[in-house]
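The structure under discussion appears below in the form of structure tokens.
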Amino acid sequence: MKKNFYVLLLIMVCLSCGETTTPKPKAELRLDYPEAKYVEANLLAPFTFEKNLLASKTVLKELKAPTKSYGINLEYTALKGTIFLTYKAIEKDEKNLINFLRDAQKFTLEHTKKADEIPAYPFEDDNRKVYGLLSEVKGNVASPVQFYVTDSVNHFLTGSLYFNAKPNYDSILPAANYLQKDIKHIMETVQWKE
């Protein structure tokens, strides 16, 4: 019995002697998204903007609200994500705009329970009268990017990004970064119709 053990050990040593093992390099997931190509979103709404052609479906809904409101969904089927936009007309009452701003900021702050960090980036374009804020919510949250823009007089547009997946920051980060660029482009190209 002892002899069989030594023979088996000798065979295993001989078989493993010829192989040299090398550690494998650390692998990282590589996701290549197409370069964004933008076209004007032709919607029957009081504003216009440029959207990425990758947004395979654009849905416009007139919302039932006391003010003139629209909901727009930009669906990115390939990325399993959607940018939800909501437009509200500002009444000539100053409280109306304050309430819209408060609601938009409250929505972002609701993510502080799960967020690791929420950097905010102000946006201002005096030529087009577009002023707003983009918030990047880092961590395992339902909506990794939110924004709002307004002319402070007549128009208010807010938006948020959602994925059809369980919130896992590391997994959705490449797609979230890609769609965040689209959101910035929406903010940079929005124009109000009078």
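Throughout, read-outs are computed from the coordinates displayed, never taken from laboratory work. These numbers come from a predicted model, not from an experiment. Please note: Cβ atoms are built from the backbone with ideal geometry, for glycine as well, and neighbour counts cover all protein chains shown.
Order 69-77, 33-41, 100-108 from most to least packed using the mean count of other Cβ atoms within 10 Å.
Details: 69-77: 18.3, 33-41: 13.0, 100-108: 16.2.
Those peptides, ordered most packed to least, come out 69-77, 100-108, 33-41.
State, as an integer percentage, the relative contact order of the range 46-192 based on alpha-carbon contacts under 8 Å between residues 6 or more apart. List each step's numbers first, then the result.
Numbers: 271 pairs, mean separation 37.2, N = 147.
Result for the range 46-192 is 25 percent.
Glu91 to Leu173: FRET efficiency via 1/(1 + (r/R0)^6), r the Cβ-Cβ distance, R0 41 Å, to the nearest 0.05? Intermediate results must be reported in sequence, preceding the final value.
Values: r = 39 Å, r/R0 = 0.96.
Using R0 = 41 Å, I get an efficiency of 0.55.
Can you give the local net charge around Glu110? Use residues other than it whose beta-carbon is closer than 13 angstrom to its beta-carbon, Lys and Arg +1, Asp and Glu -1. Provide the component values of the computation, followed by the final result.
Values: positive: Arg102, Lys106, Lys113, Lys114; negative: Asp103.
That sum, taken over residues with Cβ under 13 Å, equals +3.
Beyond 27 Å, how much of the Cα-Cα pair distribution for the range 46-192 remains, as a whole percent? Working shown, then result.
Working: 1979 of 10731 pairs.
The calculated P(r) of the range 46-192 puts 18 percent of pairs beyond 27 Å.
Mind checking the full-extension length gain between Val39 and Lys166? Use 0.36 nm per residue of separation minus the Cα-Cα distance, one decimal, nm. It would help to have the intermediate numbers written out before the result.
Details: separation 127, 0.36 × 127 = 45.72 nm, distance 3.06 nm.
Contour length minus the Cα-Cα distance gives 42.7 nm.
Suppose R0 equals 30 Å. What FRET efficiency, 1/(1 + (r/R0)^6) with r the Cβ-Cβ distance, do Lys26 and Asp126 give to the nearest 0.05?
Values: r = 48 Å, r/R0 = 1.58.
Computed FRET efficiency for Lys26 and Asp126: 0.05.
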